[in-house]
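Report on the following structure.
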Amino acid sequence: SFPKSVDRYHNSISLSCCTRVVSSYVMCSSRQNKQLAATESCGLSPTLIQAKADFKHSSIAAWALVILCTSSFYLGPLFFLSPLLLYHFHPQAAGMLFCTSLFLAFHPISPWPRFKTYCQVFYKIFDFHHNMTPILNTKEMKSDHLSIIAMHPHAILPLHGYIWGAICHQLLPDLYGCGAATEIAMRLPVLRHTLRYLSTRSADKKGLLQQLQIEEENLFILPGGVAEIFYSQRRRQPNSLPFTQTIKAKRYGLMKLSLQTGARIFPAFVFGASDMLDQLFHVDQNVASKEKDSKTFDIGLMMQSISRKLKGGIALYYGQYYLPIPHTPKLSMVLGDPIYPVENTSERNVNGNKLTCKRIANPTDAQVEELMDRYVNALQCLFEQYKVEAGYPNDRLVIT
């Protein structure tokens with residue numbers, strides 16, 4: 001409930017936390033012209049808050065759900081490949097399995113709000129922290145402004161998307177809308193079930209415009225997509241040592257969507273998201289910079305290229321014991337102040353319910369570039385503001 005959440009927020013902020021975050025504030029101020037990406041005036045905490053589930057649960061049940069969500073990215077393709085492998089030995093069984101796979105791939109699935117609550121079991125396993133307060137739900141949501149939550153990094157698997165569903169449903173129900181995933185992901189059995197339970201839909205542009213303008217639902221999206229999947233690699237060194245994190249945030253299509261719909265953008269970053277899993281082939285940054293060189297060959301680039309053509313990641317990943325059991329780094333999810341595409345403007349959405357900024361049907365390149373600059377700057381500042389307290393004091397963020 002709201003009073004309980006407020007009490008939890010105030011009780012969780014201690015003097016020691018404030019002391020630890022000062023160095024991060026100073027660094028962000030010096031590097032980003034004294035701009036803070038997340039402010040208390042918008043209901044965002046200057047320190048990280050430890051999340052707590054609303055119900056008691058066993059570790060076995062928690063790990064079972066985490067492993068199911070992690071394995072679902074393999075189980076989906078396995079449903080369609082199994083009939084081919086089985087056909088030689090038992091054609092009838094192969095036919096029945098194929099029909100079952102088709103049914104699971106296309107039958108309608110309704111959102112299941114209770115599933116978001118169950119995803120709170122992720123909190124303890126990943127020592128989950130965040131900077132969101134219940135005040136954000138009343139302060140920023142009272143205007144009922146159409147919103148896009150753009151989160152980085154995508155990571156090898158976006159397990160933090162399940163956590164977003166949990167924390168948003170718990171603290172910020174007015175901000176929650178629908179997620180966006182590739183069409184392939186929305187057709188893979190098991191995986192599509194967990195995604196649909198979280199109200200996820202296909203990420204085609206026509207569908208996103210309908211979701212924002214006609215149905216007036218907020219959008220949660222991981223803009224990095226396939227590129228960020230292959231940039232991700234689990235660190236093999238202590239967090240205190242320098243490390244470069246690369247994200248693909250310069251997505252002009254997202255900026256254009258914001259300008260066309262008038263939806264504000266909440267930039268978000270999750271520390272530790274790329275450290276949950278390993279993958280066999282990632283894109284080497286030195287090779288990626290020479291991608292146009294015909295003499296350069298890298299299997300990671302090849303898989304990235306195939307994934308782009310298929311419009312879905314095909315990364316070969318593994319976790320603990322070389323199984324789909326994720327490692328358990330501390331995850332810290334931080335949200336930034338909203339970015340308004342056309343500042344100091346306001347009008348009603350197409351259906352006249354939610355507020356938007358002034359909508360621009362055909363934004364110019366200059367308008368898209370200007371919004372992109374503000375978005376990239378906010379992400380960089382957000383990273384610098386919280387990286388010390390999140391446990392990555394010497395990391396550097398590279399935005400491409």
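The values are calculated or read from the model by the stated rules, or taken from the named source; none is laboratory data. Note that the structure is predicted; figures quoted are calculated from it, not measured. Ideal geometry is used to build each Cβ from the backbone, glycine not excepted, and the neighbour counts take in all protein chains shown. All accessible areas refer to the heavy atoms of the entire protein, side chains included, with ligands and DNA or RNA removed. Shrake-Rupley method; radii C 1.70, N 1.55, O 1.52, S 1.80 Å.
Summary of computed values
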| read-out | value |
| --- | --- |
| Residue count for segment 301-345, restricted to those that are over 17 Å from the mean Cα position of the chain (by Cα) and either among the acidic types (Asp, Glu) or more than 15 Å from residue 277 (Cβ to Cβ) (or both) | 18 |
| Criterion (open to solvent by less than 10 Å² (accessible area, probe 1.4 Å), in contact with a helix residue (DSSP H, G or I) (Cβ under 9 Å, 6 or more places away or on another chain) and within 22 Å of residue 46 (Cα to Cα)) met by exactly one of 137, 131 | 131 |
| Test: residue in segment 71-85 that is of a type in the set (A, V, I, L, M), touching a Ser or Thr at 6+ places or on another chain (Cβ under 8 Å), open to solvent by 40 Å² or more (accessible area, probe 1.4 Å) and part of a helix (DSSP H, G or I) | no |
| Residue ID - farthest from residue 326 (Cα to Cα), chosen from residues in segment 204-226 that are surrounded by fewer than 21 Cβ atoms within 10 Å (Cβ to Cβ) and among the aliphatic types (A, V, I, L, M) | 214 |
| One residue from 62, 94 being more than 20 Å from residue 201 (Cα to Cα) and either among the charged types (D, E, K, R) or at pLDDT below 95 (or both) | 94 |
| Residue within segment 239-250 that is modelled with pLDDT of 85 or more, closer than 20 Å to residue 148 by Cα, of a type in the set (A, V, I, L, M, F, W, C) and buried (at least 21 other Cβ atoms within 10 Å of the Cβ) present | yes |
| Residues located in segment 208-229, provided they are under 15 Å from the mean Cα position of the chain (by Cα) and at negative phi | 218, 219, 220, 221, 222, 223, 224, 226, 227, 228, 229 |
| Extreme residue, most open to solvent (accessible area, probe 1.4 Å), among residues of segment 339-355 that are at pLDDT 95 or above and in contact with a helix residue (DSSP H, G or I) (Cβ under 8 Å, 6 or more places away or on another chain) | 342 |
| Filter result for residue 231 (of a type outside the set (Asp, Glu), in contact with a Lys or Arg (Cβ under 9 Å, 6 or more places away or on another chain) and at pLDDT 90 or above) | no |
| Residue in segment 356-367 that is within 11 Å of residue 259 (Cα to Cα), in a helix (DSSP H, G or I), aliphatic (A, V, I, L, M) and open to solvent by less than 70 Å² (accessible area, probe 1.4 Å) present | no |
